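Some notes on the structure that comes next.
Please treat every number below as a calculation from the coordinates, not as lab data. Since this is a predicted model, take the numbers as computed values, not measurements. Using ideal geometry, Cβ is built from the backbone for each residue, glycine included, and neighbour counts are taken over all protein chains shown.
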Amino acid sequence: MEINEINAALKSQRIIPVIRLYDAESALFAGRAILKTGFTNLEVTLTTPGAFNIVKELKKEFPNAMIGFGSVFTPKNVEEGIDAGGDFFVSPHFDEELLRAAKLNSVLYIPGVMTPTEIGRARKNGLKTVKIFPAEPIGGVKYIKSLQGPFPEMNFIPTGGVNLGNIPDYLALRNVTVGATSVVSREAAEAHDINVTTNIIQSYLELTKA
């Protein structure tokens, strides 16, 4: 899938479930639950043990899903992620080496930014989508709204402190897709409690239809 198509698809669903767990088995369980419940995209952070194998397995089972990697720090992460079938790559910061690796391999790179200077730098390098991190501690919805004046064409993905209670306020803004680890309950995933896990995921999925 082309970069513009991935960007458009992430923008259309409005919520990116983010898996950040402490063991591979729980993460794979959560990924399957997310995609079976109806989400068409998700992100697995590289802080999750076995992240590459998790994505590889999920792509086998759900070939049409868009699955990306988070907590990406090195060009090698990008290369290994591509081999595993990753569709997009997210870092908590802006990194020119990661940008070069992504461009070289024609994959979507979404850097984490916090200030207008960082957003301008990403824009200057041809990026249309950036992750605002950590969103809630730096001002949340009001901060994102203030950024939309000088950067009307940018797509923002606020992440960090995003949850069921504040997502509707974020999604009321234009050009905003949120990233949320809260889609997955760590306790329920570790217990492989499919009922609790699915109910929480469904609650988030409903917000994408509002």
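Data table
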item: Under 18 Å from the Cα of residue 60 - aspartates and glutamates, other chains or at least 8 residues apart; result: 25, 43, 80, 83, 87
item: Cα-Cα over 24 Å, subset of 11/124; 36/128; 76/145; result: 36/128; 76/145
item: Pairwise FRET efficiency - residue 93 versus residue 202, Cβ, R0 = 35 Å, nearest 0.05; result: 0.60
item: Selection from 205, 69, 48 lying farthest towards where the dipole of the chain points positive, charges on Cβ; result: 205
item: Protection proxy ranking of 118-124, 179-185 - average other beta-carbon atoms within 10 Å, highest first; result: 179-185, 118-124
item: In order through region 3-13: 3J(HN,Hα) via Karplus (6.51 cos²θ - 1.76 cosθ + 1.60), integer Hz, x for Gly, Pro; result: 4, 4, 5, 5, 4, 5, 5, 5, 5, 6, 7
item: Helix-only [θ]222 nm of the chain, DSSP H runs n ≥ 4, -39500 (n - 2.57) each, per residue, nearest 500; result: -13000 deg cm²/dmol
item: Region 3-198, relative contact order [Cα under 8 Å, separation at least 6], %; result: 22
item: Charge dipole magnitude, Cβ of K and R +1, D and E -1 - the chain, Cα centre, debye nearest 20; result: 680
item: Alpha-carbon spread of region 3-198, three principal axes, descending order, Å; result: 45, 39, 26
item: HN-Hα J in Hz across region 175-187 - Karplus 6.51, -1.76, 1.60, θ = phi - 60°, x for Gly and Pro; result: 6, 10, 10, 9, x, 9, 6, 5, 5, 10, 7, 4, 4
item: Selection from 18, 89, 177, by position along the positive dipole direction of the chain (Cβ); result: 177
item: Compactness of region 39-105, expressed as Rg and Dmax over alpha-carbon positions, Å; result: 11.2, 33
item: Whole-angstrom gap from region 101-133 to region 177-210, using each part's C-alpha centre; result: 27
item: About the Cα centre, charge dipole magnitude for region 105-210 (Lys/Arg +1, Asp/Glu -1 at Cβ), debye; result: 600
item: Interchain or long-range residues, amide H under 5 Å from residue 16's placed H; result: 178, 179, 180
item: Shape parameters for region 106-210, alpha-carbon atoms, Rg then Dmax in Å; result: 15.2, 46
item: For residue 108, residues with placed amide H under 5 Å, excluding near neighbours; result: 89
